[in-house]
Structure formats: structure tokens, C-alpha cells
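Peer 1: Pasting a structure here, questions to come.
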Amino acid sequence: MNGISHRRLGVNVDHVATLRQARQARYPDPLAAALVAERAGASQITVHIRGDRRHIQERDIVRLAESVQTLLNVEAATTSEMEEILLRTRPHRVTLVAERPGEVTTEGGLDVASQADVVAAFCARLHAAGIHTALFIDPDTAQVDASAIPGVDMVELNTARYAEEGGRELGRLARATERARSLGLAVAAGHGLTLHNLRALAVAAPEIEEYNIGHALIADAVFLGLETSVRRYLELLA
Ligand code: PXP
């Protein structure tokens, strides 16, 4: 056993939709990108439906849910509008995220510790509809502990600070991973991961079983093609 065969790559296709929305055009189609990513070996397709609909639209989720052959993971904020969309479209998994109107990208993890009841109730309603739930949190002990909520299967650790500050964040991510695993939670990671920083994290925290990568992977695809870009990321997880 090489100890890393369990690592999965989730390809976030939001920025294919960003390009489409920039022109209010019909292309490029995030579903077409999802199918290419799956063909290249992605284990999951991830999209983030934002309140301002800057990239992914509800219709994209409907189409992705119909056609994705692996798993569809939808990131969304804990608003009633999103809850209605999620219960209508029923993706395989929902990852709950913090969202601030006007932010350029997700700025931090969901503060589960300060609103555990609200998050738990939201997750319970999704769970009752057969939807798996994950929480996108900063790699802090208090947030990990607060995430051990019945019906929550997974935490996704926010790697934004690692992407900015590099190796000194690895210890914090490794400790948060171990703690989450000890609480029975599966662990994913994402935000700001690139061909340059992914491998070191996978080595430092081998129990992270899933990586969700969007911006850099789609940016690399501009030069490499999407299939090759996905394969390069997979090579770093092999
Ligand atoms: N995971 C979550 C919860 C996110 O919000 C994002 C960004 O949408 C990602 C992963 C992917 O981050 P990036 O686009 O920087 O790879």
C-alpha cells in the first residue's frame, strides 16, 4: 500500500462559467468541462453557487446533477435561498461555506463554532433529503471540534493561508486533519492549491482524502488543455 491511493481530486469548474458569464454567452459550458475532467480522472466535480450568480447558475446544477458520472459537490452559503435550490437539485454532496457579498473569492472558513445550532439544523434538513454534507472551515481546533455534528460527514480545510504563507502552515493543517479524523470526520482540503503547493500538503497530511481545486487548475488548462491540466494535478496525488 503506497498510502496515497485514497486521494481524490475534485475539479471545480466555476471559472469555466465565469468566462461564459463575462460575455453572457452560451459557452464555454461548465458541464462540457466537467465531462472532460471526469474523462481525465477527476473523482468529483465541484461548483459554488453564489448569491450573486457570478458564475454557476441553478440551471448548471440541474444539468450537472443529471450528467456527472462521479459525484457532484455543490458549495453554498447557509441561506434560505440556497437551501431551496439545494433541496430542488439534490446534489450528492453540499459543502457549506461562508460568503460575504462582494468578496472576490471565499475569504475564510465557515464559523461553525459560533453558530453550531444553525449549521446543525441546516445540515439536518439536507441530510433528511439524502444529501451528504461537508463544512468548509479554517484549520482551527475550535472549528474542527464544532464540526462534529451528527449527519456531517466531512470537513474541508481552508488552505488559503497555506497558499499565501507556504510551509509554516503545514503543521496546522496536519494537526487539524488528525483531529478531524479522530472525531470520525473525513477530511478534504481546498482553496489556492496549485501545481506548486499541492504535493507538499499531500505529503504533510496524508489523511486528507480529497482536494478541491479550481482557479489554478482552470488557469493551467488555458495553456495545457483541461485534460492535461487535470492529469498533472492527479500525478501530484499519485
Ligand atoms: N473549496 C472551497 C470551499 C471553495 O470555496 C473554493 C473556491 O470556490 C475552492 C475549494 C477552490 O479554490 P480555488 O479556486 O482557489 O482552487
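The values are calculated or read from the model by the stated rules, or taken from the named source; none is laboratory data. The model shown is predicted, which means the values in this text are computed figures rather than measured ones. Methodologically, a virtual Cβ is constructed for each residue, glycine included, from the backbone with ideal geometry; neighbour enumeration extends over all protein chains shown. In case anyone asks, the SASA skips ligands and DNA or RNA and just uses the protein heavy atoms, side chains included. Shrake-Rupley method; radii C 1.70, N 1.55, O 1.52, S 1.80 Å.
Peer 1: Looking at the range 96-152, which of the residues that are in contact with a Cys (Cβ under 7 Å, 6 or more places away or on another chain) and buried (at least 16 other Cβ atoms within 10 Å of the Cβ) is nearest to residue 82 (Cα to Cα)? Break it down stepwise before answering.
Peer 2: Of the residues in the range 96-152, the ones in contact with a Cys (Cβ under 7 Å, 6 or more places away or on another chain) are 133, 149, 151-152.
Now narrow it down to the ones that are buried (at least 16 other Cβ atoms within 10 Å of the Cβ): 133, 149, 152.
On the way: 133: 14, 149: 20, 152: 18 Å.
Only one residue fits best here, namely 133.
Peer 1: Among the candidates 22, 42, which residue alone is more than 20 Å from residue 130 (Cα to Cα), surrounded by fewer than 15 Cβ atoms within 10 Å (Cβ to Cβ) and modelled with pLDDT of 95 or more?
Peer 2: Working: 42 fails: surrounded by fewer than 15 Cβ atoms within 10 Å (Cβ to Cβ).
Going through 22, 42 in turn, the sole match is 22.
Peer 1: Hey, another quick one. From the set of residues in the range 181-206 that are open to solvent by less than 10 Å² (accessible area, probe 1.4 Å) and not small (Gly, Ala, Ser), which is farthest from the ligand (Cβ to nearest atom)?
Peer 2: So the first thing to find is which residues in the range 181-206 are open to solvent by less than 10 Å² (accessible area, probe 1.4 Å), and the list is 185, 187-190, 193, 198, 201-202, 205.
Subsequent filtering for residues that are not small (Gly, Ala, Ser) retains 185, 187, 193, 198, 201.
Working: 185: 15, 187: 13, 193: 6, 198: 10, 201: 12 Å.
Filtering the range 181-206 for residues that are open to solvent by less than 10 Å² (accessible area, probe 1.4 Å) and not small (Gly, Ala, Ser), the one farthest from the ligand (Cβ to nearest atom) comes out as 185.
Peer 1: So if I check each of 15, 92, 55, which one is within 16 Å of the chain's Cα centre (by Cα), of a type outside the set (Val, Ile, Thr), within 11 Å of the ligand (Cβ to nearest atom) and over 20 Å from residue 229 (Cα atoms)?
Peer 2: Details: 15 fails: over 20 Å from residue 229 (Cα atoms); 92 fails: within 11 Å of the ligand (Cβ to nearest atom).
Going through 15, 92, 55 in turn, just one is within 16 Å of the chain's Cα centre (by Cα), of a type outside the set (Val, Ile, Thr), within 11 Å of the ligand (Cβ to nearest atom) and over 20 Å from residue 229 (Cα atoms): 55.
Peer 1: Looking only at the range 207-221, filter to residues that are in a helix (DSSP H, G or I) and either in contact with a Leu (Cβ under 7 Å, 6 or more places away or on another chain) or more than 14 Å from the ligand (Cβ to nearest atom) (or both); which one of those is nearest to residue 72 (Cα to Cα)? Break it down stepwise before answering.
Peer 2: Taking the range 207-221 first, the residues in a helix (DSSP H, G or I) are 215-221.
With either in contact with a Leu (Cβ under 7 Å, 6 or more places away or on another chain) or more than 14 Å from the ligand (Cβ to nearest atom) (or both) added as a condition, the list becomes 216, 220.
Values: 216: 20, 220: 22 Å.
Here the residue is 216.
Peer 1: Considering each of 168, 181, 125 in turn, give the residue that is of a type in the set (D, E, K, R), in a helix (DSSP H, G or I) and within 30 Å of residue 88 (Cα to Cα). Spell out how you get there, then give the answer.
Peer 2: Details: 168 fails: within 30 Å of residue 88 (Cα to Cα); 181 fails: within 30 Å of residue 88 (Cα to Cα).
Selected residue: 125, the only one of 168, 181, 125 that is of a type in the set (D, E, K, R), in a helix (DSSP H, G or I) and within 30 Å of residue 88 (Cα to Cα).
Peer 1: Hey, among 231, 161, which residue is surrounded by fewer than 21 Cβ atoms within 10 Å (Cβ to Cβ), over 20 Å from residue 119 (Cα atoms) and more than 14 Å from the ligand (Cβ to nearest atom)? Break it down into steps so the answer makes sense when it comes.
Peer 2: Numbers: 161 fails: more than 14 Å from the ligand (Cβ to nearest atom).
The match here is 231.
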